[in-house]
Each structure stands twice: as C-alpha cells, then as structure tokens.
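What follows is a single structure, written as structure tokens, with notes after it.
The values are calculated or read from the model by the stated rules, or taken from the named source; none is laboratory data. In this text, all values refer to a predicted model and were calculated from it rather than measured experimentally. Every residue, glycine among them, receives a Cβ derived from its backbone with ideal geometry; neighbour counts consider all protein chains shown.
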Amino acid sequence: MAEQNKILERIKESKIIAIVRGIPSSSIVDLVEAMVKGGGHIDLEITRYALNALNIDARGLDRMDNKILTTIIDKFGGGPVGLGTIATAVSEDTGTIEEVYEPFLIKEGFLKRTPRGREATELAYAHLGIIPPTRQDTLF
C-alpha cells in the first residue's frame, strides 16, 4: 500500500493524469497497477501500458470520445446535430457530454460547435479512418 501511495504521488507530480477529464477512480487504480508493474518508474512504455489499460488511444481519446464522433458521423452524416440528440444516441447525459467530452474534442480539433449543432471535423474522419463526404456548398 505504501508503494501505491508513492506511485500515486509520482502520477500527480508527472502530470500523466492531465487526461483527468472524468476518469473514474477505478481506472486510476488500473493506472497505479501499471505503475507498480513498472517498478514505480514512469517511462514511455509504462505510460502506453497505462493508457491502453484505460482505453485511451494515441490521440488521447477514450471510448466515449470515439463513440460520440462515430455517432455524429455514422448516424447524422457528420452533423450538424444537436447536443440532446447526440446524448440520446450515445446514452449519456447532455451535461456530461457538454462539460466533460465536448471541450476536449473541440480543443483537439475533432468537433466544432456551430449555431445549427455539433459537426465532426476532417480530423475526426481521419482519426476514425472514414473518408469524409464531399460537401457541395450551395446558396440555400
């Protein structure tokens, strides 16, 4: 237990938990277990192992981030789509999406908020390996 406390302190110091946008405490335990396997050292291999245990991909997106983007693209043609509709489609609370997931997705360039709703960006399509539709700009 003392070893885990020391590792938790190292995690806090190293800012690896900069992705703490809603990571449940059970996942932090997974991260600590990964650190213990690494002998308490934080290096690239252990970090990758821990992020993999938390289901966070190389771009920092977790399962729900990818689910939100996939839903917007697959079910709603990339958007625009309203927040309430997205929340219903992914079975998540609108407040959680707006406060936890959306800021990161917007900041990283995967999602944009427009007056008509949320839209997946070209980066989101590329990240998911989906070819974006060609959009024809029309006057109406």
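What is the residue count in segment 127-140 for residues that are exposed (fewer than 10 other Cβ atoms within 10 Å of the Cβ), modelled with pLDDT under 85 and either closer than 20 Å to ALA58 by Cα or not basic (Lys, Arg) (or both)?
Qualifying residue count for the region: 6.
Scan segment 45-53 and give yes if some residue there is out of contact with any Lys or Arg (no Cβ under 7 Å at 6 or more places or on another chain), at pLDDT 65 or above, surrounded by 17 or more Cβ atoms within 10 Å (Cβ to Cβ) and outside any helix (DSSP H, G or I), otherwise no.
no
Quick check on this structure: which one of GLU119, GLU102, GLU92 is among the acidic types (Asp, Glu), buried (at least 16 other Cβ atoms within 10 Å of the Cβ), part of a helix (DSSP H, G or I) and at pLDDT 90 or above? Talk me through it step by step, then tell me what you get.
Numbers: GLU119 fails: part of a helix (DSSP H, G or I); GLU92 fails: part of a helix (DSSP H, G or I).
Every option except GLU102 fails the conditions.
Return a yes/no flag: does segment 68-80 have any residue that is part of a loop (DSSP other than H, G, I, E, B), modelled with pLDDT under 90 and small (Gly, Ala, Ser).
No, the conditions are met nowhere in segment 68-80.
Before we move on, is ALA124 touching a residue at least 24 places away in the same chain (Cβ under 8 Å) and either buried (at least 18 other Cβ atoms within 10 Å of the Cβ) or in contact with a helix residue (DSSP H, G or I) (Cβ under 7 Å, 6 or more places away or on another chain) (or both)? Lay out the reasoning, then the answer.
Numbers: touching a residue at least 24 places away in the same chain (Cβ under 8 Å): yes; either buried (at least 18 other Cβ atoms within 10 Å of the Cβ) or in contact with a helix residue (DSSP H, G or I) (Cβ under 7 Å, 6 or more places away or on another chain) (or both): yes.
The answer is yes for ALA124.
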